[in-house]
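Okay, structure first, notes after.
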Amino acid sequence: MTYTGNLIDTSDTGAITAKPASLLIDRFGRQVDYVRLSVTDRCDFRCVYCMTEEMQFLPRKDVLTLEEIYQVGRAFTELGVRRLRLTGGEPLVRNNVIALVNALGRLPGLDELLITTNGAQLDRMAAPLREAGVNRINISIDSLDAERFRRITRTGRLEKVLAGIEAARSCNFDRIRLNTVIMKGYNDDEVLPLTHFAVERGIDIAFIEEMPLGQASEHQREDTVCSNDWVREQIEKQYTLVGSDETTAGPSRYYSIPGERSRIGFISPMSHNFCADCNRVRMTVEGRLLLCLGNEHSSDLRRILRADDGQNSHQDEIKSLERAAEIPVPENLKQAIVAAMDLKPERHHFYEQDYAQPVRLMNMTGG
Ligand code: SAM
Ligand code: SF4
């Protein structure tokens, strides 16, 4: 694919002259209009399915600055991306993340700014996030039992996350969704309690099958992975689930419950392949553009952002988000993003025995 220039006119007047479909189309005809930006690989939790207990985090010099992350987000929106999600690691442990949210929230062409968080900082950060432009928020919670919550997160305190959920509820987000990974032997008896918890509060819940990203240190993933078909059967013991036609342009399959506001989602990468509809890419906080969660195909955007090849000579001047917003996004950054679409593989191979699975853990990936 060739790329010839700005899709969205952000010239002097700042007027948006066009809001066409995304320019990002891969070899299989899939349009990429959703990007997940990791803002840190660090986290205050050590969830057993996501991290090992002793983690080595990236050295500071390898981590993109907020200004660099902003430039990538802006490049994507200028290429027609409509939705950005901030994730990590835990996005709310990154210093000054609200300033980044503020800057991204003002990007022309962006329909939604989303965030996925473990909820531990939300009691004080929910309101600033809403004010800064976050539309929807996902909060991860895998147990309603304090001791068990501690066992799964290794360091987390359930009451902090519950307070975070309440704070988010009072902030008028367009939607709040709980994310839950059900694992045999850890929390497989909590499918219904967690569903009740969401339904009573009128918020959504999505059940995510555990994925083999990196080595889990306390269990063999094949022993704990729980199929969402089984999770759904548990829910249907007490609730009627009605399939929704609503397209979420993503891997979640949603069901509604008659008379309730909550929707129940299932993200089932292990038992159902949804790759044909994949509309997303991810950027790690090192600036590696990952074209697929389950493969290593990637493009190094940091090399372009930091290259001293004359084209990006203004990079030195970008010392603040305000300044980053005034300076055009480097054209070669946009070109690299467009070119990377040709690297997007057709599908992941999570359930194939002999396939080399990624060694990168979810916190490095930007879940
Ligand atoms: N720290 C934030 C949080 O926990 O919500 C955002 C990052 S976390 C990597 C994003 C989501 O990925 C969480 O909902 C978490 O439960 C999920 N996750 C992490 N490792 C996973 C794995 N191996 N398989 C499936 N989901 C995973
Ligand atoms: Fe941290 Fe989220 Fe990973 Fe848990 S799932 S360790 S909260 S990044």
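The values are calculated or read from the model by the stated rules, or taken from the named source; none is laboratory data. In this text the structure is predicted, and so the values were computed from the model without any measurement. Cβ atoms come from the backbone with ideal geometry, glycine included; neighbour counts cover every protein chain shown. When the accessible area is computed, the model is the full protein with side chains, heavy atoms only, and any ligands, DNA or RNA have been set aside. Shrake-Rupley method; radii C 1.70, N 1.55, O 1.52, S 1.80 Å.
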The lone exception for ILE165 - which of (1) within 15 Å of ligand 2 (Cβ to nearest atom); (2) part of a helix (DSSP H, G or I); (3) open to solvent by less than 20 Å² (accessible area, probe 1.4 Å); (4) out of contact with any Gly (no Cβ under 7 Å at 6 or more places or on another chain) it fails: (4)
Criterion violated by GLN121 - all others in (1) farther than 29 Å from MET270 by Cβ; (2) more than 13 Å from ligand 1 (Cβ to nearest atom) satisfied: (2)
Index of the failed condition, MET1 passing every other in (1) modelled with pLDDT under 95; (2) open to solvent by less than 40 Å² (accessible area, probe 1.4 Å): (2)
Members of segment 43-85 found to be under 30 Å from LYS184 (Cα atoms), open to solvent by 20 Å² or more (accessible area, probe 1.4 Å) and not hydroxyl-bearing (Ser, Thr, Tyr), listed by number: CYS43, ASP44, ARG46, CYS47, CYS50, GLU53, GLU54, MET55, GLN56, PHE57
Identity of the residue in segment 129-159, within 23 Å of GLU54 (Cα to Cα) and away from ligand 2 (no atom under 12 Å from the Cβ), that ends up surrounded by the most Cβ atoms within 10 Å (Cβ to Cβ): SER143
Among (1) of a type outside the set (Phe, Trp, Tyr); (2) surrounded by 19 or more Cβ atoms within 10 Å (Cβ to Cβ); (3) out of contact with any Lys or Arg (no Cβ under 9 Å at 6 or more places or on another chain); (4) under 26 Å from ARG42 (Cβ atoms) - the single one THR195 does not satisfy: (4)
Qualifying positions in segment 45-87 - more than 14 Å from ligand 2 (Cβ to nearest atom), among the hydroxyl-bearing types (Ser, Thr, Tyr) and assigned to a loop (DSSP other than H, G, I, E, B): THR65
